[in-house]
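We did not get these values from a lab; they are worked out from the coordinates using the rules stated. This one's a predicted model, so the numbers in the text were calculated from it and none came from an experiment. With ideal geometry, Cβ positions are generated from the backbone for all residues, glycine too; neighbour counts draw on all protein chains shown.
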Amino acid sequence: MSEKTIFSKIIRREIPADIVYEDDNCLAFRDIQPQAPTHILIIPKEVVAGVQHATPDHGPLLGHLLLKASQIAAEQGLAAAGYRLVINAGDDGGQTVAHLHVHLLGGRPMQWPPG
Ligand code: DGP
């Protein structure tokens, strides 16, 4: 596994995180700078630097991340009111950690367009 980012260290339990879900392919934990009452990051255990670096081989993994985000949202009690999933890609997208991650945001009404 690459040792590139802080998320790899979270996967390896080298730094603490508030983990809410884990399976063989992904890990979900609470964002350290929450932008909503519920703010969870869903990341693949395989290091993919961002969705812009995903290949067709990553299709099942990308699907898995979205399905788990939906499952976690339901477990967090967000399904009825709704929530937002965000993937930031690259500098203009606001991506700061070069390890693919899906933001799950909920617990308040979201604005559109995003900033
Ligand atoms: P992005 O800007 O899309 O790359 O989002 C990266 C997110 O990662 C950002 O919302 C803050 C979060 N984050 C950065 N470092 C840590 C950390 O060490 N622990 C946790 N739980 N979240 C982190």
In degrees rounded to 10, the 0-90 angle between helix 59-75 Cα long axis and the longest Cα principal axis of the chain is 40 degrees
Residue span Ala80 to Gln52: 0.36 nm per residue of separation minus Cα-Cα distance leaves a gain in nm of 7.0 nm
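Ordered by packing density, taken as the mean number of other Cβ atoms within 10 Å over each peptide's residues, highest first, how do 60-67, 83-90, 96-103 rank? Provide the component values of the computation, followed by the final result.
Values: 60-67: 14.6, 83-90: 16.6, 96-103: 19.4.
Highest-to-lowest ranking by the protection proxy: 96-103, 83-90, 60-67.
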Any GluC sites (Glu not before Pro) in the stretch 1-89 that lie in a DSSP loop and have at most 14 other Cβ atoms within 10 Å would be Glu3, Glu14, Glu46
Here, Thr96 and Glu22, labelled 7 Å along Cα→Cβ, have an inter-label distance in nm of 2.5 nm
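Rounded, prolate or oblate: pick one for the stretch 1-62, where a ≥ b ≥ c are the square roots of the eigenvalues of its C-alpha gyration tensor, a/c under 1.5 means rounded, and failing that, prolate if a/b is larger than b/c, else oblate.
prolate
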